[in-house]
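Report on the following structure.
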Amino acid sequence: MDFQLQTLTRHQAASMDADALLVLWPDAADDADVAQVDVLSAWARQALADGDLAREPGQWLAAHRLPGVRPRRVVLVRCGDGSARRVRQAVAAAWGAIKAGAPVRSLLLHAGGLSLAALQAAVQALAAASYRYTTTLSAPKARTLASVTVGVDDARPARAAFDEAVAIVHGQELAKEWANRPANHATPTALADAARALQGRGIDVEVLGPKEVAKLGMGAFLAVAQGSEQPLRFIILRYRGAAKAQAPVVLVGKGITFDTGGISLKPAAEMDEMKFDMSGAASVLGTFEVLARLRPAINVVGLIPACENMPSGRAVKPGDVVRSLSGQTIEILNTDAEGRLILCDALTYAQRFQPRAIIDVATLTGACVIALGHVRTGVFASDDALAEALLRAGEAAGDVGWRLPLDDEYAEALQSSFADVANVGGRPAGAVTAAKFLQRFVGTTPWAHLDIAGTAWKSGKDKGATGRPVPLLARYLLDEAARGAPDAAVPARRRGGRRTG
Ligand code: BES
Ligand code: MN
Ligand code: ZN
């Protein structure tokens with residue numbers, strides 16, 4: 001989808017060439033510049049006076065061929081205090097009225113009188129509402145909305161925020177695309193190809209196969225992959241936007257392209273949803289798409305262990321003990337707790353980059369869905385500053401998280417008599433014990449774990465990937481880039497900067 005930004009008054013918006021016009025109407029517009037006599041404002045105020053436009057946010061007014069308005073369809077929607085949250089809700093509410101009737105190919109979105117955060121929210125909400133998965137349909141009804149022009153009071157100061165929003169939309173859509181693809185169309189090899197497609201846009205990609213991974217000693221990752229006919233892939237992405245010496249942020253994404261549970265087989269009902277079990281990996285790819293578009297001054301490494309979790313004569317069995325890359329041995333009591341097994345080796349591998357932070361992203365536990373539902377991502381962190389930065393980024397991007405604990409007492413559940421650690425710890429606090437398992441593999445590097453089992457996709461009639469937490473990760477990295485290197489004496493943006501230690 002093509003997005004444009006333009007300086008436009010409401011008056012000018014009415015005479016633009018587009019199939020439809022969506023006007024965001026904050027409460028403040030009700031009585032502001034009463035002298036303004038443009039046709040849209042007059043329409044809104046008359047409807048208000050007549051009681052045909054209620055005051056509640058999300059209320060909308062639609063018209064067909066309104067005299068004096070060039071776009072065939074016009075929808076005006078109230079967005080309350082004009083906050084990002086209200087704008088998001090307003091766009092979602094108005095979308096039904098926009099898409100009713102003949103397809104809308106071009107849309108003009110008027111966002112006058114709104115903050116930059118609200119502008120970003122409008123772009124994101126519009127993209128989300130109009131998104132459509134088409135890849136595996138034989139006669140796809142393509143997304144009809146092809147171009148969006150956003151009208152604001154002054155385009156110049158809004159440009160950077162707008163470009164960010166558009167880049168994040170593209171990253172989020174890449175994540176949705178890969179998470180939505182069925183497992184036979186999104187194999188570990190296909191994921192590696194998707195990563196390779198990012199190459200040459202400021203991103204380097206390296207892909208390891210079973211032989212190399214065995215040679216490295218990633219026994220936990222290999223154990224999960226061994227039951228499948230699909231060869232595993234270990235995908236390494238590198239984005240360099242700052243001086244070479246600057247320590248990178250490492251993102252690690254769980255890439256289970258299908259999770260049957262293995263020998264600890266899952267029930268049949270809704271097992272198809274386990275094609276989304278590579279949503280963490282997809283969000284890492286999506287975040288790299290954002291980096292490729294915006295080129296922020298930061299170094300980022302992406303690590304994606306990708307494989308299927310299948311039952312077979314070669315599959316790992318409950319009770320098997322494997323040796324991880326870290327040297328720690330693991331008793332695999334439940335083969336369905338596979339995410340932590342592929343992640344632990346990737347987390348050990350992450351340390352070779354001497355990162356300033358490691359952030360893993362995973363559809364890790366059903367327990368996190370029970371704890372936080374589909375609203376907030378579970379955020380675990382060994383470092384308070386990192387936790388706060390991620391939570392703040394989530395609030396700013398409308399992709400919210402909630403911090404959960406990491407007390408050492410929780411790790412007691414993982415004790416094993418046959419290995420250094422067991423891969424499961426029983427039902428109590430299942431999201432926390434999973435995080436405690438991962439924590440054993442990160443050493444002293446500041447680390448955060450995002451459990452996106454509840455937020456990466458929706459079930460039910462709107463079944464599909466959400467592209468979360470691409471907005472959170474992108475916002476975090478952009479803010480980190482703006483802040484500069486953590487301990488650098490020179491701003492990160494300066495080329496050939498000093499070593500940062
Ligand atoms: N991929 C699942 C977690 C999951 C469950 C994601 C539901 C999204 C929705 C993960 O691999 C898993 O199976 N976890 C087990 C762990 C248990 C065996 C300790 C779970 O949550 O049941
Ligand atoms: Mn599982
Ligand atoms: Zn899984």
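The values are calculated or read from the model by the stated rules, or taken from the named source; none is laboratory data. What you are looking at is a predicted structure, and each value in this text was computed from that prediction instead of being measured. Heads up, the Cβs are rebuilt from the backbone with ideal geometry, glycines too, and the neighbour counts pull from every protein chain shown.
Any chance the range 471-484 includes a residue that's in contact (Cβ under 8 Å) with a residue 40 or more places away in the chain, away from ligand 1 (no atom under 16 Å from the Cβ), farther than 22 Å from Lys254 by Cα and in a loop (DSSP other than H, G, I, E, B)?
Yes - at least one qualifying residue is present in the range 471-484.
Say whether the condition of being away from ligand 2 (no atom under 16 Å from the Cβ), on the phi > 0 side of the Ramachandran plot and surrounded by fewer than 20 Cβ atoms within 10 Å (Cβ to Cβ) is met by at least one residue in the range 399-416.
First pass over the range 399-416, keeping only residues away from ligand 2 (no atom under 16 Å from the Cβ): 399-416.
If we keep only those that are on the phi > 0 side of the Ramachandran plot too, we end up with none.
No, the range 399-416 has no match at all.
So Ala346 fits all but one of (1) more than 16 Å from ligand 3 (Cβ to nearest atom); (2) out of contact with any Lys or Arg (no Cβ under 8 Å at 6 or more places or on another chain); (3) not β-branched (Val, Ile, Thr); what number is the exception?
Ala346 satisfies all of (1) more than 16 Å from ligand 3 (Cβ to nearest atom); (2) out of contact with any Lys or Arg (no Cβ under 8 Å at 6 or more places or on another chain); (3) not β-branched (Val, Ile, Thr) except (1).
Right, Lys211: outside the structural domain of Gln6 (by TED's automatic domain parsing) and part of a helix (DSSP H, G or I) or not?
Values: outside the structural domain of Gln6 (by TED's automatic domain parsing): yes; part of a helix (DSSP H, G or I): yes.
Judged against the criteria, Lys211 is a match.
Among Ser279, Ser264, Ser283, which is the only one that is in the same structural domain as Gln328 (by TED's automatic domain parsing), part of a helix (DSSP H, G or I), in contact with a Leu (Cβ under 9 Å, 6 or more places away or on another chain) and at negative phi?
Answer to the selection: Ser283.
Of everything in the range 227-248 that's touching a Phe, Trp or Tyr at 6+ places or on another chain (Cβ under 8 Å) and in a strand (DSSP E or B), which residue is farthest from ligand 3 (Cβ to nearest atom)?
Top of the filtered list is Tyr239.
So is Leu119 touching a Phe, Trp or Tyr at 6+ places or on another chain (Cβ under 7 Å) and more than 24 Å from Lys461 (Cα to Cα) or not?
yes
Give me a count of the residues in the range 183-203 that are exposed (fewer than 14 other Cβ atoms within 10 Å of the Cβ) and more than 21 Å from the chain's Cα centre (by Cα).
Selection size over the range 183-203: 2.
Could you tell me which of the residues Val290, Val224 is within 16 Å of ligand 2 (Cβ to nearest atom), of a type in the set (A, V, I, L, M), in a helix (DSSP H, G or I) and touching a helix residue (DSSP H, G or I) at 6+ places or on another chain (Cβ under 6 Å)?
Val224 is the lone residue from the list that is within 16 Å of ligand 2 (Cβ to nearest atom), of a type in the set (A, V, I, L, M), in a helix (DSSP H, G or I) and touching a helix residue (DSSP H, G or I) at 6+ places or on another chain (Cβ under 6 Å).
If a residue has to be surrounded by 17 or more Cβ atoms within 10 Å (Cβ to Cβ) and within 16 Å of ligand 1 (Cβ to nearest atom) to count, how many in the range 288-319 make the cut?
Residues meeting the conditions: 10.
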